[in-house]
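Notes follow the structure.
Since every read-out is calculated from the coordinates, none of them should be taken as a lab result. Because the structure is predicted, anything quoted here is derived from the model rather than measured. Cβ placement follows ideal geometry from the backbone for every residue including glycine, while neighbour counts extend to all protein chains displayed.
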Amino acid sequence: MNPLRPIILAASASPRMQRIVTGTPVTAAIVRRFVAGAGRAELIPVVRELLASRRLISVDFLGENTTDRAQADATVAEYLSLINDLAAMNDFRDATARTEVSVKLSALGQALPVDGPAIATENLRILCTKAAQAGVWVTVDAEDHTTTEATLTTVREVCAEFPWLGAVLQAYLHRAEEDCRELSGSRIRLCKGAYREPHTVAYQRSAEVTDSYLRCLEILMGGAGYPMVATHDPVLILAAEQLAAETGRGPDRFEYQMLYGIRDPEQLRLAAAGNAMRVYVPYGSQWYGYLTRRLAERPANLTFLLRALVSKS
Ligand SMILES: Cc1cc2nc3c(=O)[nH]c(=O)nc-3n(C[C@H](O)[C@H](O)[C@H](O)COP(=O)(O)OP(=O)(O)OC[C@H]3O[C@@H](n4cnc5c(N)ncnc54)[C@H](O)[C@@H]3O)c2cc1C
């Protein structure tokens, strides 16, 4: 694993670092690469362009670790409007080509000091009710490991009413294979995992994470659910293609997923080859946590930012 990763992820938790990075105008160019805009007015043209290129989309309204009830309520209100906008862009000729929203339970109130998980569960139910009426899908993002159990408990509860609700499993967690077995009948996005986790709960070496991803992928591809293969890693994309062929899964029974701004030509290649290729598109002003995770994944992204910060000081 990249040696800078833990340092960048640790820095991402520092309010001082956040002030420096967000207060630097040069950061804007980097943010623009990974984030579709500050509001829906900037987001919608980006979504239209992606859909026009035969890609599918999952939109994330940025924000996490909300400790204020009013902010959680405002996030719910924004998602309800977003679902309305996305419904208007749905292609109802193809059931798997639905638009989707991705949501973090910590943005819906999971971290609130009193009744956080119950509030987040209720808020997720509100979003799913609206999404079901609109024909839009919802997937619940995975956050750091201290939230995994509470998040999956909420997902299991809400899935009973909305069986199409998607969840994310992180291959770097030791528990991932077991969770894949339990949830292999559902809509599951499999990713490597983006947070800084201790060795007691997560694989640390990238080869171990890749091996775990492959074991998890095999379980999901062999299951009755809808695997969502979220990775930019060519080895894993090839493995998914091979497993799909072996298990007889057509493009309507699994999809590839990548992040907005990363490996665009590969996204277009997969879509042009007839695969379902969904792009995760974040928007909003709370981009700091999201951006630092992207920087931690790839030191090359960081070099430009560090140079700019050093030249400013
Ligand atoms: C659709 C989607 C949803 C996700 N949702 C979650 C989630 O809910 N929870 C969670 O913990 N994680 C999530 N992730 C992030 C994921 O866990 C990984 O951190 C991230 O995808 C990088 O891992 P990788 O599989 O692409 O492999 P890597 O080995 O990191 O990357 C493989 C190659 O992809 C390219 N690449 C990867 N990252 C970058 C980057 N930041 N900038 C430029 N190039 C890059 C490079 O060419 C790199 O060599 C999500 C990822 C995707 C694609």
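Placing +1 on the Cβ of every Lys and Arg and -1 on the Cβ of every Asp and Glu, with no other charges, gives the range 36-286 a dipole of roughly 520 debye about its Cα centre. Taking only the C-alpha atoms of the chain, the Rg (one decimal) and the largest Cα-Cα distance, Dmax (whole number), read 18.5, 57 Å. Among Arg278, Arg205, Arg125, the residue with the largest mean-square fluctuation in a Gaussian network model of the chain, with springs joining Cα atoms closer than 10 Å, is Arg205. If a/c stays under 1.5 just call it rounded; otherwise compare a/b with b/c (prolate if a/b is bigger, oblate if not). Do that for the range 90-207, with a ≥ b ≥ c from the square roots of the Cα gyration tensor eigenvalues. The shape class here is oblate. Ordered by the count of other Cβ atoms within 10 Å of each Cβ, fewest first, Ile30, Ile126 give Ile126, Ile30. Screening the chain for whole DSSP H helices with an alpha carbon extent of at least 15 angstrom along the helix axis and a mean Kyte-Doolittle hydropathy of at least 0.0 yields 40-52, 69-87, 116-134, 148-159, 206-222, 234-247, 299-312. Structure remark: mean-square fluctuation, Gaussian network model of the chain, C-alpha springs under 10 Å; the largest value among Glu255, Glu100, Glu182 belongs to Glu182. To the nearest whole percent, what portion of all C-alpha pairs in the range 205-313 is separated by more than 19 angstrom? I get 55 percent for the Cα pairs in the range 205-313 exceeding 19 Å. Dividing the summed helix terms, -39500 (n - 2.57) for each DSSP H run of n ≥ 4, by the number of residues in the chain produces a 222 nm estimate of -15500 deg cm²/dmol to the nearest 500. Among Thr129, Thr200, Thr147, the largest mean-square fluctuation in a Gaussian network model of the chain (Cα springs under 10 Å) belongs to Thr200.
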